[in-house]
1. Where the second residue is part of a loop (DSSP other than H, G, I, E, B) and exposed (fewer than 13 other Cβ atoms within 10 Å of the Cβ) and the first is without any contact (Cβ under 8 Å) to a residue 60 or more places away in the chain and small (Gly, Ala, Ser) and lies in segment 143-171, which pairs have Cβ atoms under 9 Å and are six or more apart or on separate chains?
2. Under 6 Å between Cβ atoms, at least 6 apart or on separate chains: pull out the pairs that start in segment 116-140 with a residue that is within 17 Å of Asp156 (Cα to Cα) and end on any residue that is at pLDDT 95 or above and of a type in the set (Asp, Glu).
3. Across segment 100-114, what is the total count of residues that are loosely packed, with under 11 Cβ neighbours inside 10 Å and of a type in the set (A, V, I, L, M)?
4. Checking the structure you have, find out if any residue of segment 76-96 is surrounded by fewer than 17 Cβ atoms within 10 Å (Cβ to Cβ), of a type in the set (Gly, Ala, Ser) and touching a residue at least 60 places away in the same chain (Cβ under 8 Å).
5. Taking segment 46-58 as the search range and keeping residues that are among the aliphatic types (A, V, I, L, M) and outside any loop (DSSP other than H, G, I, E, B), which one is nearest to Val87 (Cα to Cα)?
6. What number goes with the only condition from (1) assigned to a strand (DSSP E or B); (2) in contact with a Leu (Cβ under 7 Å, 6 or more places away or on another chain) that Ser43 does not pass?
7. Got a sec? Which of Val101, Val154, Val189, Val87 is touching a Leu at 6+ places or on another chain (Cβ under 6 Å), among the aliphatic types (A, V, I, L, M) and closer than 26 Å to Lys50 by Cα?
8. From the list Lys10, Lys50, Lys58, Lys46, pick out the single residue that is farther than 20 Å from Tyr130 by Cβ, under 13 Å from the mean Cα position of the chain (by Cα) and surrounded by 13 or more Cβ atoms within 10 Å (Cβ to Cβ).
Amino acid sequence: MSKELEIEFKNMLTEDEYQLLIHEFRLEDKDFFTQTNYYFDTSEFKLKEKLAALRIRKRAVNYELTLKTPEQIGLLETTQILAEDQVTAILDGANIPVGQVRDTLKALGIDHESLLMFGSLTTTRAEIPYKNGLLVFDKSFYSDTHDFELEYEVPDFEKGQILFDRFLSDHNIPKRPTKNKIIRFYEAVYTKK
């Protein structure tokens, strides 16, 4: 189990911008991996109301249960590693296992027994070190949508902001307001109904 402050900058990309960056950084198929996020909330979306998000992320044979909660700068990620049988049980309706995630949910006033899985999003991702941070190239699939996103994960907000803005400018990519994946998923799936 771990708690980590996540500081990242995001920008949506057009498919052409995405392809140009993939080419510029010489990324090949072998540099990409696939991960699926399964999103959870209450039927009233109480986590969403608190600007928090709960997911199980599947990467190959690894599973992580992560609760993201807002901080003054960035998001606090509380993560537990899960076994495959635990994930299967949770996806079938079992409770969140005992641990820091459940404890943090309780502190937020969220009953872990009221959580439901409300959908999944699959991402093809490549990550490369870049100027004391991590540059992330994402292509995500959800509902009948796919999109392209650039993320820059950094240890320092101010330096990261300067470097990310410069990167976008140097590559002639307009700065676009970019929502988190869970919000994009929610809007694609639940605002169409």
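1. Once the first residue is without any contact (Cβ under 8 Å) to a residue 60 or more places away in the chain and small (Gly, Ala, Ser) and sits in segment 143-171, its partners that are part of a loop (DSSP other than H, G, I, E, B) and exposed (fewer than 13 other Cβ atoms within 10 Å of the Cβ) give Ser143/Lys192; Ser169/Lys175.
2. From segment 116-140, the pairs are Gly133/Glu153; Leu134/Glu127; Leu134/Glu153; Val136/Glu127; Val136/Glu151.
3. Looking only at that region, the number is 1.
4. No, there is no match, as no residue in segment 76-96 is surrounded by fewer than 17 Cβ atoms within 10 Å (Cβ to Cβ), of a type in the set (Gly, Ala, Ser) and touching a residue at least 60 places away in the same chain (Cβ under 8 Å).
5. Across segment 46-58, the extreme among qualifying residues is Ile56.
6. Just one mismatch for Ser43, condition (1).
7. Val101
8. Within the list Lys10, Lys50, Lys58, Lys46, the selection yields Lys58.
The values are calculated or read from the model by the stated rules, or taken from the named source; none is laboratory data. These numbers were taken from a predicted model, which means no experiment stands behind them. With ideal geometry, Cβ positions are generated from the backbone for all residues, glycine too; neighbour counts draw on all protein chains shown.
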